[in-house]
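Novice: Let me begin by handing over the structure; questions about it come next.
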Amino acid sequence: MLSLLKSAKFRLFIVPLLLSVILIVTYSSQIKTIPVSNWDEISWIGSSYFFDFYIRGDFKNKIWGSLAYDQPNLTKYAYGAWLYPLYLNEKHKNEKSFDFIRFLMKNGFYEIDKDYKKIYAGYKEISDVVKFNNYDEGTPKYYVAKYGIKSLKPLTLIYYARILDILLLTAAVILAYFIALKYFGIITAIIFSFFYGFNYLVVHFGLKAQTESLFLFTFNAAFLFMSLYFFKGRKISYLLLFSLFSGLCMSTKLNGIMFIFIFLICNLLLFFIFKGKKSLDIFHGIVPILICLIIFISLNPFTFPNPIKNIKSMFNYRMHTALKDAGLKPIYFLPDGKSRVKKIFEHFYLSEKSHYFNDTLLSYKLSQSNNYRISLIILFILGLFYSIKLAFKKNLAAIIFLCSFFTIIAIMSCYLILDFKRYYIHLVLFFVLYQSLGIYLLLKILLRMFGSVFQSDKNLLT
C-alpha cells in the first residue's frame, strides 16, 4: 500500500484521472438542481457579447466605457467564446445583420448597454426577450409559472453555459489536488480533494454561470505555479506561468491583484529566512507585476486610453458600488477590518450557517450539528499549529502556505465590504487543507497507537 502511495504514476496520473471522472459525473448531476439566479447568471450571459466586440477589434466603441468597467471582462469573454459556435450556427440561418447581441435576444436576453438601446429597440419589441426581476432565483418550474414558457429560452442557454463551469471547476479541483500534494503529501491530498471538490460553497457557486468557476481555476493555477517557483529552484518558466495566471485571475475578479502582494511578501520573507539566497531573487517581484498589468490592460479596452488612471477608476468604482449595495442591504455590510476578519472565521466555524461554507454535498445534514463544527475547529487548529511548527523548522512549504493564508486574510480585511457567501470561495482551499492535514495527523497518531504501519511515512508528509 505504501509503495503504491509513493508511486509517481499513482500520484500524478491515476488519482487526478479518477478524481476528474468522479467530479465530472457528480457536477453534471448537479447543474440543473442549482437554482438559476437572475442577479448574476442572466447578467453574465447577457453581457457575453463583449467577446464579439473584442475579437472584432472594436475597441473604440463607447460600450467599453459604461457597463464594461463594473467588472473585469474575462468571464464575459469565456462565456462568449463558449456560446460562439451556437451563434455562428444561427448566423448561417439568418440575415447578415444577425449579430451576437441579436443571438442573445433570440434566446430571451436583453442585457444591453444604454448606448445601444435605440439600435435594438425595434428588435426587442418583436423578440421573446424576457425582462426578469433582479431578485429572481429558482428552477425552470418557478420561471415558467412566473413568466410563461418563453422564459425557458434563456434558461436553456444558461444550462449550456454551465457545462463550461463543470470543466473549469473540475480543472480547479485538480489543480488544488496538486497544491495539496506538493505541500503536505499524497494522503492529505486525497483527503483534501474529497472535502474540497464536494464542498457546498465550491459546488453551489462554482457551477453557476458567473465568475466563480473561472476565478477558482485561475486562482488555484496561480497559487500552484507560485509554489512551484519557490520549490523548484526559482525557474523562470514557473515565474512566467504564475504571472500569466495572476493576470488572468485579476481579469476575472479585481481582487485577483492579491497575488502580487502574496508573491512580494513571500519572496521578501524567504529572502530574510534563507539568507543564502541570491539577492537578485528579491527583484523577481517586478516580473509578475509587469506581466499581470499587461494582461489585465490588454483584456480590458476601457483601460486603453489611460491605463493607470482607468485601472484606478475600476477599483474606485468597484468600492463605490460595494458601498452603495451595502447601503441598500445593510444586513450584509461589514464596516471595518475587525468585523471582516471575525466574519471569515465565524462563517467557517462559529455560525449556525457554517454548513454553507465548510460542508460537503454528502454530509450536509451532519454538518449542521454543533459537534461537527467543534470537530472541524479542532482539525483546523491541529493542522494550523502543525504547519506553524514546520515553519519554525524552516519548512519551505509550511512557510509559503502560512504566509499566503494570512496575507489573503489581511487583504480581505481591507476590501471585504459585502458579506456575500461567494466572496469567501477562495478561502475554502486553505481552511479545508488545514482540516485535511488535521485528519491525517489524527490517523497517523491512531495508527501508531495500534501498530507500526506508518513507521516509514515521513516522505508522505513534506
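A short reminder: the numbers here are calculations on the coordinates, not readings from a lab. Predicted model only: the values in this text are computed from it and were never measured. With ideal geometry, Cβ positions are generated from the backbone for all residues, glycine too; neighbour counts draw on all protein chains shown.
Novice: Show log10 I(q)/I(0) for segment 224-370 at q = 0.17 Å⁻¹, two decimals, from a solvent-free Debye sum over equal Cα scatterers.
Specialist: -1.07
Novice: Still on this model: Spelling out what I want: for every residue of segment 434-447, take phi, set θ = phi - 60°, compute 6.51 cos²θ - 1.76 cosθ + 1.60 (Karplus), and round to whole Hz; glycine and proline get x.
Specialist: Values, residue by residue: 5, 5, 5, 5, x, 4, 4, 5, 5, 4, 4, 5, 5, 5 Hz.
Novice: Can you list residues from other chains, or at least 5 along the same chain, whose modelled amide H is less than 5 Å from the amide H of D136?
Specialist: Long-range HN contacts for D136: N38, W39.
Novice: Also: How much FRET efficiency would the formula 1/(1 + (r/R0)^6) give for F304 and K353, where r is the Cβ-Cβ distance and R0 is 60 Å, rounded to 0.05? Display every interim value, and only then the final one.
Specialist: On the way: r = 43 Å, r/R0 = 0.72.
In this case the efficiency is close to 0.90.
Novice: Give the value in nm², to one decimal: projected area of the alpha carbon convex hull of the chain, averaged over all directions.
Specialist: Approximately 24.3 nm², given one-decimal rounding.
Novice: Could you name the lysines in cross-link range of K275, using Cα to Cα under 17 Å and dropping any fewer than eight places away on the same chain?
Specialist: Leaving aside lysines fewer than 8 places away in the same chain, those within reach of K275 are K393, K394.
Novice: According to the square roots a ≥ b ≥ c of the eigenvalues of the Cα gyration tensor, what is the shape class of segment 306-422, taking rounded for a/c under 1.5, prolate for a/b larger than b/c otherwise, and oblate for the remainder? If you can, show how the numbers build up before the last one.
Specialist: Numbers: a/c = 2.72, a/b = 1.31, b/c = 2.08.
Oblate, since a/c reaches 1.5 and b/c is not below a/b.
Novice: Kindly provide the chymotrypsin sites (Phe, Trp or Tyr not before Pro) of segment 131-234 that DSSP labels as loop, not H, G, I, E or B, and whose Cβ sees at most 13 other Cβ atoms within 10 Å. Working shown, then result.
Specialist: Values: sites: F132, Y135, Y142, Y143, Y147, Y159, Y160, Y177, F178, Y183, F184, F192, F194, F195, Y196, F198, Y200, F205, F215, F217, F219, F223, F225, Y229, F230, F231; in loops: F132, Y135, F198.
Those satisfying the criteria are Y135.
Novice: Separation of segment 7-51 and segment 365-433 by C-alpha centroid, Å?
Specialist: 24
Novice: Given the Cα-Cα distance of I55 and Y332 and 0.36 nm per residue of separation, how much length would full extension add, in nm?
Specialist: Working: separation 277, 0.36 × 277 = 99.72 nm, distance 3.79 nm.
Here the answer is 95.9 nm.
Novice: Using a basic spin-label model with each label point 7 Å from the Cα along Cα→Cβ, how many nm lie between K342 and L442?
Specialist: 2.9
Novice: Then there is this: Hey, can you grab everything whose amide H is under 5 Å from the amide H of T360? Only 5+ residues off in sequence or another chain; H modelled, so Pro and N-termini drop out.
Specialist: Y200
Novice: Can you divide the C-alpha Rg of segment 1-60 by 2.2 N^0.38 Å and report the result to two decimal places? Each step should come with its number before you reach the end.
Specialist: Working: Rg = 20.5 Å, N = 60, 2.2 N^0.38 = 10.4 Å.
Normalised by 2.2 N^0.38 Å, the Cα Rg of segment 1-60 equals 1.97.
Novice: In whole percent, what relative contact order does segment 306-414 give with Cα contacts below 8 Å and a gap of six or more residues? Intermediate results must be reported in sequence, preceding the final value.
Specialist: Numbers: 52 pairs, mean separation 25.9, N = 109.
Dividing the mean separation by the residue count of segment 306-414 yields 24 percent.
Novice: Order these by the 10 Å Cβ neighbour count, fewest first: E212, E41. Show your work: numbers first, answer last.
Specialist: Details: E212 28, E41 24.
So the ranking, lowest neighbour count to highest, is E41, E212.
Novice: Report the relative contact order of the chain, percent, no decimals, based on alpha-carbon pairs under 8 angstrom and at least 6 residues apart. Write down the numbers at each step before the final one.
Specialist: Working: 567 pairs, mean separation 84.4, N = 462.
Relative contact order of the chain: 18 percent.
Novice: Now for a separate question. Enter the Cα centre distance for the pair segment 192-228 and segment 253-310, rounded to the nearest angstrom.
Specialist: 22
Novice: Taking a cut-off of 19 Å between Cα atoms, list the lysines near K32, but don't count ones fewer than 8 places away on the same chain.
Specialist: In chain and number order, the partners are K141, K146, K150, K153, K208.
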